[in-house]
Each structure stands twice: as structure tokens, then as C-alpha cells.
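K.L.:
Here you go, one structure.
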Amino acid sequence: MRWLERHDSLSVIVALVDEPDQPPREALILDLREAPVAESADELVDRLIDALSADEGVPPPFDLQVTHSVLSWGASGAGLNILLKVVSAVAGTAGWDLLKSTLRELKQRAAERSPWVEHPLSRAEALWRAKWFLGHTYGINPDGLEVVEEEEELADDGGSTWRFRLSAQGGELSADVVEEHGLVRITRHRMSRG
């Protein structure tokens, strides 16, 4: 179908999980809005899975969801969303490093083909991502999460780490949102009961 061949935006979320039915403890995010993507969904997924297979020659356990969206209402656009849940033991392996490198390469190539401009992770974006990730992880409404405490740490490379502690019904949640060489990494911490 020709509507699914073109993508004006790409979102890739790689979530580390201990078991397929458990919430992710960490996620790596590539979000390219208004940045054309040359590869098809199949090609992109193949590249991600091939990267993860670097250590053993076979991919580690994973769960993959790919969705396409098309808007044709005056102006038009198409998006591709890839959610790849992978066993958390892959973190720190050569496959994990190759996956991150592949995502950074996709971002660099998209930036070269579009007027899309790289921007540092703002507090507002970091907070939105923390609320979204924690809300999705625990099945609660992100809009109901309130900031209890926050801290920003600047890195030598110009990136930043935001730490948020958020109140939720029944306790507090916390997450680190880190900008690492053009990618965003979110790590959740255990929920404390209030």
C-alpha cells in the first residue's frame, strides 16, 4: 500500500524488560518529527534486530510492535512507530551498543535530509517523557502525576540528566531522563508506597 511506504516521522522505543509481561525498567528513545525516513518499516526493523543479534548471531528474546499512521486532512503526513521490547540482559552487550549506534545513525541521516534542527533536552520535554513513561509503565494517567522533587545535572558533552520524583495515588514514582549523544534514555526506579 503506497500510503505506508513514506514516513515523515519516526519514533523508535527500545524498552528493556525482565519478562514480556512486566513493565520496562528502561527505555531508549529516538523521536524524529518532520524528518523524512528513507527506509521502509521492514528495513528499519531488520536493522534493529540485526544489531541486537551481534553477540550471538541470533536475536535475544523480544516483542515487536510496529504501527503506521497516516494523516490526510489538507496537509498530509505519515508516521512510523516501532516499539521493541527486549530482554534486559542485552544491556551492556556489543549488540546493545550497535543498536544505539544504529539509532544515532538514523538520527544523523534524517537531520541531513530535513530542516529538522537538533535541540537540547528541555525541562518540559524531560518531564513530559518521565510522566509518559511512568504512566505507561504503571497504567496510570500521566496528567495526574505531580512533581515532588526535580534535579538537573549537566554533562561535559552538553547533554543533561533530569531526575524527577513524582507523586501518584498510593505513593511516589521516580525516573531519570538522560540525553545521550542524540538519544533519550529513561530509567524508572521502584515505586514507593505513601
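K.L.:
Which is small (Gly, Ala, Ser) and under 17 Å from Arg104 (Cβ atoms), of Ser76, Ser11?
P.N.:
The conditions single out Ser11.
K.L.:
Another question, if that's okay. Go through (1) more than 16 Å from Val12 (Cα to Cα); (2) surrounded by fewer than 19 Cβ atoms within 10 Å (Cβ to Cβ); (3) out of contact with any Pro (no Cβ under 8 Å at 6 or more places or on another chain); (4) of a type outside the set (D, E, K, R) one by one and return the number of the condition Tyr138 breaks.
P.N.:
Only one criterion is unmet by Tyr138, namely (3).
K.L.:
Need the failing condition index for Ala89 against (1) farther than 23 Å from Thr161 by Cβ; (2) touching a His at 6+ places or on another chain (Cβ under 9 Å), just the number.
P.N.:
Single failed check for Ala89: (2).
K.L.:
Scan the stretch 29-47 residue by residue and report those that are closer than 18 Å to Pro60 by Cβ and in contact with a Phe, Trp or Tyr (Cβ under 9 Å, 6 or more places away or on another chain).
P.N.:
Hits for the stretch 29-47: nothing passes.
Residue by residue, here is whether (1) charged (D, E, K, R); (2) outside the structural domain of Val177 (by TED's automatic domain parsing); (3) surrounded by 13 or more Cβ atoms within 10 Å (Cβ to Cβ) holds:
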position	(1), (2), (3)
Ala41	no, yes, yes
Asp50	yes, yes, yes
Trp73	no, yes, no
Ile82	no, yes, yes
Val86	no, yes, yes
Ala91	no, yes, yes
Arg104	yes, yes, yes
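K.L.:
OK, next. If you take the residues in the stretch 107-133 that are hydrophobic (A, V, I, L, M, F, W, C) and modelled with pLDDT of 85 or more, which one is surrounded by the most Cβ atoms within 10 Å (Cβ to Cβ)?
P.N.:
Ala130
K.L.:
Would you confirm whether any residue within the stretch 23-38 is surrounded by fewer than 15 Cβ atoms within 10 Å (Cβ to Cβ), at pLDDT 85 or above and assigned by TED's automatic domain parsing to the domain that holds Gly92?
P.N.:
No - not one qualifying residue is present in the stretch 23-38.
K.L.:
Only residues that are of a type in the set (A, V, I, L, M, F, W, C), more than 24 Å from Asp21 (Cβ to Cβ) and out of contact with any Phe, Trp or Tyr (no Cβ under 6 Å at 6 or more places or on another chain): list them for the stretch 48-83, please.
P.N.:
Ala51, Ala54, Leu71, Trp73, Ala75, Ala78, Leu80
K.L.:
Now, a different point. Of everything in the stretch 135-169 that's in a helix (DSSP H, G or I), within 18 Å of the chain's Cα centre (by Cα) and not hydroxyl-bearing (Ser, Thr, Tyr), which residue is nearest to Ala124 (Cα to Cα)?
P.N.:
Pro142
K.L.:
Applying the selection to the stretch 112-124, what residues are in a helix (DSSP H, G or I), closer than 30 Å to Gln22 by Cβ and touching a residue at least 12 places away in the same chain (Cβ under 8 Å)?
P.N.:
Within the stretch 112-124, just Arg123 meets the criteria.
K.L.:
Another question about this same structure. Return yes or no: is Ile29 β-branched (Val, Ile, Thr) and in contact with a helix residue (DSSP H, G or I) (Cβ under 8 Å, 6 or more places away or on another chain)?
P.N.:
Yes; evaluated as a whole, the condition is true for this residue.
The values are calculated or read from the model by the stated rules, or taken from the named source; none is laboratory data. Owing to the predicted nature of the structure, the values given are computational and were not obtained by experimental measurement. Positions of Cβ are backbone-derived with ideal geometry, glycine not excepted, and every protein chain shown enters the neighbour counts.
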